[in-house]
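Structure first, then comments.
The values are calculated or read from the model by the stated rules, or taken from the named source; none is laboratory data. Small disclaimer: the values here were computed from a predicted structure and weren't measured. Every residue, glycine among them, receives a Cβ derived from its backbone with ideal geometry; neighbour counts consider all protein chains shown. Heads up: the accessible areas ignore ligands, DNA and RNA and are worked out on the full protein's heavy atoms, side chains in. Shrake-Rupley method; radii C 1.70, N 1.55, O 1.52, S 1.80 Å.
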Amino acid sequence: MFLKGKTALITGSTSGIGLAYAKALAREGANIVINGFGDADAIETERKALQELSGAKALYSGADLTKPEQIEDMMKQAASAFGGIDILINNAGTQHVEAVETFPVEKWDLIIALNLTAAFHTTRLAVPYMKKQGWGRIIATASAHSQVASPNKSAYVSAKFALAGFAKTVALETARDGITVNCISPGYVWTPLVENQIPDTMKARGMTREEVMNDVLLSAQPTKEFVTPEQVAAFALYLCRDEAKAITGANISMDGGWTAQ
């Protein structure tokens, strides 16, 4: 358990990739702070399971990451419980698929706030503790859409390109502080986020569900397979190891060859 005594905060971690991150880090002994929305009983079940996995503590924060004051409260809660955050994974995200001329302004604002601005707030609040400790890991779930674009996803692509640039900038600022800052950019991972965008894509492109699955989601991935949350989490775990301390400012693709084309 090489993370025993460390504390990890993962945003958007009540399901999907975020929960996979939490489980992987808990198995290595880390205290965990999960965050997100969902059924209260289901979240409590997952919180207890994380404690059993880690033999340490797990907390839940229901902070709305579109509200900076709630992010600050979440970080204060973690600092009060554990002293601070050693590992920060900016994973929360949302999506909307629609052509730019009809893209709802409120959806643009939401996507930018949750996918990008929230990462700025969590990072600015986590870095001082990491600098004091002389060790830290900051990881962002970016996307293949941080490297290539797709139609009808103007807000999401904009947020993910910017997130990758933000990570590179913070990596340079913290390069001598024992802190690494990286992005993991999966292709399509079978998660609620991906599943929930299928109806929008069906409407936007006039396709059936099966056509969206085969001709849109997996068309770009040469492997013709979805990436799994567990694969993404395993790589994040590696980035937390000392063997990965030279990896910083990187945007690592896990996309079945999508961006190699």
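What is the stretch 26-79 by shape, rounded, prolate or oblate, if you read a ≥ b ≥ c off the alpha carbon gyration tensor as root eigenvalues and call it rounded for a/c under 1.5, prolate for a/b larger than b/c, and oblate otherwise?
Details: a/c = 3.16, a/b = 1.50, b/c = 2.11.
Because a/c hits 1.5 or more and a/b fails to exceed b/c, the stretch 26-79 counts as oblate.
Got a number for carbon plus sulfur as a percent of the stretch 110-202's accessible area, 1.4 Å probe?
On the way: 2060 of 3470 Å².
C and S fraction of accessible area: 59 percent.
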- Task: Once you have a ≥ b ≥ c as the square roots of the Cα gyration tensor eigenvalues for the stretch 146-185, tell me rounded if a/c is under 1.5, and otherwise prolate or oblate according to whether a/b is larger than b/c.
- Result: prolate
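Would you mind working out the magnitude of the charge dipole of the stretch 37-168 relative to its Cα centre, with +1 at each Lys and Arg C-beta and -1 at each Asp and Glu C-beta, to the nearest 20 Debye?
Numbers: 13 positive and 14 negative charges, 146 e Å.
Magnitude of the dipole: close to 700 debye.
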- Among Ala49, Ala118, Ala22: highest mean-square fluctuation, GNM of the chain, C-alpha pairs under 10 Å: Ala49
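By how many nm would the segment from Ala149 to Thr169 grow when fully extended, if each residue of separation counts as 0.36 nm and the alpha-carbon distance is taken off?
Working: separation 20, 0.36 × 20 = 7.20 nm, distance 2.16 nm.
Gain on stretching Ala149 to Thr169: 5.0 nm.
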- Note on the structure: Most packed first (mean Cβ within 10 Å per residue), the peptides 31-40, 70-79 order as 31-40, 70-79
- Query: Semi-axes, largest first, in whole Å: what does sqrt of 5 times each Cα gyration tensor eigenvalue give for the chain?
  - Reply: 29, 19, 18
- Task: Consider a paramagnetic label point 7 Å from the Cα of Phe2 along Cα→Cβ; state which residues of the stretch 21-38 have an amide N under 13 Å from it.
- Result: 25, 28-29
- Message: If you average the C-alpha positions of the stretch 77-115 and of the stretch 1-27 separately, how far apart do those two centres end up, in angstrom?
- Response: 18
- Query: Taking the Cα centre of the chain as the origin, how large is its charge dipole in debye, to the nearest 20, when only Lys and Arg (+1) and Asp and Glu (-1) carry charge on their Cβ atoms?
  - Reply: 860
- Item | Computed accessible area, Asp64, all protein chains, 1.4 angstrom probe, square angstrom | 40
- Note on the chain: contact order normalised by length, alpha-carbon pairs under 8 Å, 6 or more apart, percent, works out to 19
- Residue separation times 0.36 nm, minus the C-alpha to C-alpha distance between Ala234 and Glu106: what's the value? 42.6 nm
- Message: Within the stretch 213-261, what whole-number % of the accessible surface is contributed by carbon and sulfur, with the 1.4 Å probe and all protein chains included in the calculation?
- Response: 53
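Send over a whole-number figure in Å² for the accessible area per residue of the chain, probe 1.4 Å. Mind showing how you got there, number by number?
Details: 11640 Å² over 261 residues.
I get 45 Å² per residue for this part.
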- Query: Taking the Cα centre of the stretch 214-261 as origin and charging only Cβ (+1 Lys, Arg; -1 Asp, Glu), how large is the dipole, in debye to the nearest 20?
  - Reply: 120
- Work from the charge dipole of the stretch 165-249 (Cβ charges, +1 for Lys and Arg, -1 for Asp and Glu, about the Cα centre) and give the residue of Gly165, Ser185, Thr228 farthest towards its positive end. Gly165
- Task: Report the one residue of Trp108, Gln147, Gln95 whose Cα lies farthest in the direction of the positive end of the charge dipole of the stretch 78-155 (charges on C-beta: Lys and Arg +1, Asp and Glu -1; origin at the Cα centre).
- Result: Gln147
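Considering only protein heavy atoms, with the full assembly of protein chains and a 1.4 angstrom probe, order Met213, Met130 by accessible area, largest first.
I get Met213, Met130, largest accessible area first.
Keeping every protein chain in place, order Lys160, Lys131, Lys57, Lys23 by accessible area at 1.4 Å, biggest value first, i.e. largest first.
On the way: Lys160 10, Lys131 95, Lys57 120, Lys23 70 Å².
So, going from the largest accessible area down, we get Lys57, Lys131, Lys23, Lys160.
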- Item | Rounded if a/c under 1.5, otherwise prolate or oblate - the stretch 71-167, Cα gyration tensor axes | prolate
